[in-house]
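Report on the structure given below.
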Amino acid sequence: MVRKKYALFAAPFIIFMLMMVVFPLCLLFWYAFTSDDGFTFQHFRDVFNDNIAWTILGRSLWIAILAAVICLLIAYPIAYGLTMTGFKRRTTILLLFTLPMWTNLLLRSIALRNLFILVDITPGFWALLISLVVNFLPITILPIYIVLGNIDKKHLEASQDLGATPRKVFTKTVLPLSMPGIIAAFILVFSPIVSTYFLSSFFGGGGSDWRMLGELLNIQYRAGDIGVGRGSVLSLILLVLVGLSVLILNRFSKVGNKRGGLW
C-alpha cells in the first residue's frame, strides 16, 4: 500500500515524460521512416546525399563546441573565485550574473545588437559567437559553482598537509573533483547551442554563410511532407550525436573521479 501511495506522486512526472519526451520522439521516428507510400528510407538517402545539410550540421557542431569551451574558460575562474576565496557577497555576485536571464531573450538580443552597432561589429561569425557566449555564460556558471561549493575543504587541507603546492592542489584535487560540474555545464550549453535558431538568424546576418541547424530544421519543416521527413532525420542525427557526446563525457567524468585526489 505504501508503494502504491508513493507511485501516485510519480504519476504527474510519468505523464509529463510521455507527452513531452516519448510522444515527440515517436513522431520523429514516424516522419523519418514513412512517406505517402508507407515505410521508406528515402528521407535518409536525401539527407545523406545533401552536402549543404552536412555542411550546416558540421558548422553547428564546431560553433557549439567553441562557444561552450569559451563559456567554460570564463565561467570556471568566476565560480572558483566565488567559492574558494571566501568572498562574503558571492550570492549577490552570482545573482548579478544570472539577472540577465530573467529578461526576455529577444530584448537581450536587441540590446546586444545595438551595442554591436555602436562598436562596429557587423553580423557574422564574431557577432554570433559573442551572442552565444553572453547568453549561455550564466547557465555555465551555475553547475560549476554548485559543485565547487560542495567540495569538502578537508580534501584541500589534506593535500596541503601532504606538501602539495597551490598549483598541485588545484590540478590534482580541485579540478578532478569539479569535473562533474564542468561536464554538466558543457552539456547544458552545447545541447541548445547546436540547434539554436533565433540567435543564429539574428546575429549571423540572415544569410546562409552562418546558418545553423535550427534554421535548417525550420526551413525543412515548413517545406511540406518531404521537408518534415528530412527534418525528422536531421533531428534524429542530432539526437544521436548529443547522446554520444553525453555518454563520452560521462565516461570521462567517471575516469576522472577514479583518478581524482592528490595521490
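Thr92 meets all of the listed conditions (1) closer than 30 Å to Leu128 by Cβ; (2) modelled with pLDDT under 85 but one, namely (1). Somewhere in region 222-235, is a residue farther than 21 Å from Leu106 by Cβ, open to solvent by 40 Å² or more (accessible area, probe 1.4 Å) and without any contact (Cβ under 8 Å) to a residue 24 or more places away in the chain? Yes: region 222-235 contains one or more residues that are farther than 21 Å from Leu106 by Cβ, open to solvent by 40 Å² or more (accessible area, probe 1.4 Å) and without any contact (Cβ under 8 Å) to a residue 24 or more places away in the chain.
Among the conditions (1) in a helix (DSSP H, G or I); (2) over 21 Å from Ala64 (Cα atoms), the only one that Val189 does not satisfy is (2). Where helices (runs of 4 or more DSSP H) sit wholly within region 1-94, those with at least 1 residues that are more than 26 Å from Leu137 (Cα to Cα) and touching a strand residue (DSSP E or B) at 6+ places or on another chain (Cβ under 8 Å) occupy 23-33, 42-48. For Leu115, the stated conditions do not hold, so it cannot be described as open to solvent by less than 80 Å² (accessible area, probe 1.4 Å) and either polar (S, T, N, Q) or part of a helix (DSSP H, G or I) (or both). Scanning region 21-53 for residues that are within 10 Å of Gly229 (Cβ to Cβ), of a type in the set (S, T, N, Q) and open to solvent by 60 Å² or more (accessible area, probe 1.4 Å) yields a total of 1.
Contact map, region 128-155: first residue under 20 Å from Phe202 (Cα atoms), second residue β-branched (Val, Ile, Thr) and open to solvent by 40 Å² or more (accessible area, probe 1.4 Å), Cβ cut-off under 7 Å, separation 6 or more or different chains; pairs are Val133/Ile70; Leu137/Ile74. Mind listing just one residue for me: the one in region 245-259 that is modelled with pLDDT of 60 or more and open to solvent by 90 Å² or more (accessible area, probe 1.4 Å) and, of those, nearest to Pro24 (Cα to Cα)? Once the filter is applied, the top-ranked residue is Leu247.
The sole residue among Ile110, Ile117 that is among the β-branched types (Val, Ile, Thr), within 23 Å of the chain's Cα centre (by Cα) and at pLDDT 85 or above is Ile110.
What pairs can you find where one residue is in region 88-103 and within 17 Å of Cys71 (Cβ to Cβ) and aliphatic (A, V, I, L, M), the other is modelled with pLDDT of 80 or more and not in a helix (DSSP H, G or I), and their Cβ atoms are less than 8 Å apart, with a gap of 6+ or different chains? So the pair list comes out empty.
Screening Asp152 against (1) within 14 Å of the chain's Cα centre (by Cα); (2) open to solvent by 40 Å² or more (accessible area, probe 1.4 Å) leaves a single unmet condition, (1). Restricting attention to region 46-87, the residues being farther than 30 Å from Ser232 by Cβ, over 16 Å from the mean Cα position of the chain (by Cα) and β-branched (Val, Ile, Thr) number 3. Is region 168-176 home to any residue that is assigned to a helix (DSSP H, G or I), within 18 Å of Pro100 (Cβ to Cβ) and at pLDDT below 90? Looking through region 168-176, none of the residues is assigned to a helix (DSSP H, G or I), within 18 Å of Pro100 (Cβ to Cβ) and at pLDDT below 90.
The values are calculated or read from the model by the stated rules, or taken from the named source; none is laboratory data. In this text the structure is predicted, and so the values were computed from the model without any measurement. Methodologically, a virtual Cβ is constructed for each residue, glycine included, from the backbone with ideal geometry; neighbour enumeration extends over all protein chains shown. Accessible surface is based on the protein model in full, side chains and every heavy atom, while ligands, DNA and RNA are left aside. Shrake-Rupley method; radii C 1.70, N 1.55, O 1.52, S 1.80 Å.
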